[in-house]
Structures are given as structure tokens and as C-alpha cells.
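The next block holds one structure in the form of C-alpha cells; read it before the comments.
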Amino acid sequence: ADDVVRAALSASVDAAMYWQRPDGVDGLCRTADVCEALRPAAELLAESEFASWFDADMDPLDQYECWPDGDAAWPGGLPVDWDAWRTSVVASEHSSRGNLRADSPRACAGGVWASLPYPAAAVTTRRVRGVPLGLDMEEDSMQPEAARVNRCAVHPGSRVLEIDSAETWAQLCQQYPLEVTAQMRGMWWDTTGRDGRWVIPDWSCVAEHYDAVHMQCRAYLAAAGTVIDVDGEAASVIAGWAPDSTVWFRRVGLTRGEERRWSLDEDEVWRPDWAGSPD
């Protein structure tokens, strides 16, 4: 049963497309009749042992970094310049200002659509039933058949910001707002139907106070891809994230362990390529 639930969660995450309009399946699942029909199953899932981690904080004793096999190098080898990240977002907003003059969001040019800190120093997840979530929880996944996995030691005292609800995201946007209306107007209108002012958290400011930010699974499932009101005028969208992902602003709070290789078996289940403990 756990494998079925995990596969369903993975499929839901993989189907996220926050740069275009919802497809037929999205539209069907949003209808009142379908939502009501699925409610009993959702209530059972919420009470199940599998869902026990859905609203859990980042587990510092169980963090794994996953990277598709075949890529030349691990990401995050160099420190991230978050001031340069902010400069890039501001420059993109300036260069996209023509979108604000467009008669319709349909006429807007596309661009970056995600609202997570990227590129990050590292992205980690916990294991569920011994398998790191980062192996199969990725929006718009390339669906790799093999991956490299590192267990990461989280240093004591690491400052991790918990995103546990849409309200927490909105508060973060209120405290550290970064304007992205011009560059997001077309894509976030496609995915939400809203045409208005957009902001995201200014991660360069957040990084001054925290070492990482953790997206709890329950918050992701409840809020990703939806319009999150910030102050009655501006709104935001959680896009590009994954459930239980911890995005690290710097590697100072994290140490990689020995690299291991995992691959999909004939039943499309992730398994380590070695005998013994998955640690």
C-alpha cells in the first residue's frame, strides 16, 4: 500500500506544470464532484502511517542529496552569491517590463517560472521506508533510471526555516518581498487565471538569517500552484519545489558522506546498487 501511495504522490509532483494552463486531468480533479468523491480517500491517507512525515520539520539525522547519474559533477560545488541572484531577478524584471504594457497576459513572453532559491548550494530530503524522497519527488521530472545519492550530515545549530503552510509563505513574502510581476505575468496567469501583482520571497535577504529552507509536504500539497494572497494586492505562487525538500543557501551547515548509486528495478522501484544498509 505504501508503494502505491508513494507512486501516486510522485505522479502528482511530476505532473506539476506551473508555466502553462492546467490540463484536462487538472480541470477534472478540481470539480466539486471529484473533490467530494476523493475526500474519503484523502482522509484515510492523512491518518495513515505513511503520511506521518507530511507535516514534520526537516530531520537533521536523515538527509540525502540525490543527483541523476551521468551528470559530470555534483551541483553546489561553489558558494552561491545570493546578492548576484537578486541582481539577476531584478534585471529580468526590468527587461520584462514590456509584459506590463501587453493588452493581455496571453501576449506576454515567458521566462523563469519557479519561486525557489536557485541555483542552491544543495537540496536534500529525508528517506521514507528507506528510500530518499529526492529520487522520485521532482516537478516535471526527467525520470532518470539511475542516480547518485549522498547521505548528508547536518551540522548542529543549522538555521532551517520551515514552510508549513500557505500563510507562512505569505508572511515570508510580506517580510522580504521581491517584485516579479513583469516576468511572471504570463506564466502565472496561465496556471492560476490571475492577472495582478506578483512577488516572491527575496532569498538574498532570507539567506542572511537562515542556512536553509524546508518545504513541508503538507504545505506543498495544500498550496503549490495556487494563488497565495500576500497583502490584498500582491500574491505569490509556490512553484518549482518538491515535498519535503530542504534547499540550502550555503554548505556550511552540511557535509556530504560517501556517494552511493541507486537505480530503478524492473518493477520501477528505487533500490541501492550494493548489498547492505542504505546508509
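The values are calculated or read from the model by the stated rules, or taken from the named source; none is laboratory data. In this text the structure is predicted, and so the values were computed from the model without any measurement. Reconstructed Cβ throughout: ideal geometry from the backbone, glycine too, with neighbour counts over all protein chains shown.
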- request: Residue by residue through the range 44-63, note down the ones that are acidic (Asp, Glu) and more than 9 Å from residue 218 (Cβ to Cβ).
  value: 47, 49, 57, 59, 62
task: Would you tally the residues in the range 234-259 being surrounded by 19 or more Cβ atoms within 10 Å (Cβ to Cβ) and more than 25 Å from residue 200 (Cα to Cα)?
output: 1
statement: Note on the range 106-127: residues of a type outside the set (Ser, Thr, Tyr) and either more than 19 Å from the chain's Cα centre (by Cα) or modelled with pLDDT of 95 or more (or both) are 106, 107, 108, 109, 110, 126, 127
- prompt: Looking at the range 9-31, which of its residues are surrounded by 12 or more Cβ atoms within 10 Å (Cβ to Cβ) and either touching a strand residue (DSSP E or B) at 6+ places or on another chain (Cβ under 7 Å) or hydroxyl-bearing (Ser, Thr, Tyr) (or both)?
  reply: 10, 12, 18
- request: State which residue pairs qualify: first residue farther than 17 Å from residue 81 by Cα and inside the range 244-258, second residue at pLDDT below 85 in any location, beta carbons under 8 Å apart, and separation of 6 or more residues or different chains.
  value: 256/74
query: Which of the residues that make up the range 217-235 are outside any helix (DSSP H, G or I) and either among the polar types (S, T, N, Q) or within 11 Å of the chain's Cα centre (by Cα) (or both)?
result: 224, 225, 226
query: What are the residue pairs meeting all of these: first residue in the range 74-86, first residue on the phi > 0 side of the Ramachandran plot and in a loop (DSSP other than H, G, I, E, B), second residue modelled with pLDDT of 80 or more and of a type in the set (Phe, Trp, Tyr), Cβ atoms under 8 Å, and 6 or more apart or on different chains?
result: 76/248
task: Check whether at least one residue in the range 98-118 is under 18 Å from residue 10 (Cβ atoms) and surrounded by fewer than 16 Cβ atoms within 10 Å (Cβ to Cβ), and report yes or no.
output: no
message: Among the residues that make up the range 231-247, is at least one of them more than 30 Å from residue 195 (Cβ to Cβ), touching a His at 6+ places or on another chain (Cβ under 7 Å) and modelled with pLDDT under 95?
response: no
- prompt: Quick one: would you say residue 103 is acidic (Asp, Glu), on the phi > 0 side of the Ramachandran plot and modelled with pLDDT under 95?
  reply: no
message: Looking at the range 20-36, I want the residues that are within 21 Å of residue 240 (Cα to Cα) and have a partner that is charged (D, E, K, R) and surrounded by 11 or more Cβ atoms within 10 Å (Cβ to Cβ) with Cβ atoms under 8 Å, at least 6 apart or on another chain. Which pairs are those?
response: 20/190; 21/190
task: Among the candidates 148, 86, single out the residue that is over 21 Å from residue 252 (Cβ atoms) and surrounded by fewer than 19 Cβ atoms within 10 Å (Cβ to Cβ).
output: 148
query: Which condition number in (1) at pLDDT 90 or above; (2) not in a helix (DSSP H, G or I) is the one that residue 35 fails?
result: (2)
message: Tell me which strands (runs of 3 or more DSSP E) are completely within the range 105-216 and hold 3 or more residues being in contact (Cβ under 8 Å) with a residue 60 or more places away in the chain and more than 26 Å from residue 233 (Cα to Cα), or say none if there are none.
response: 122-124, 146-154
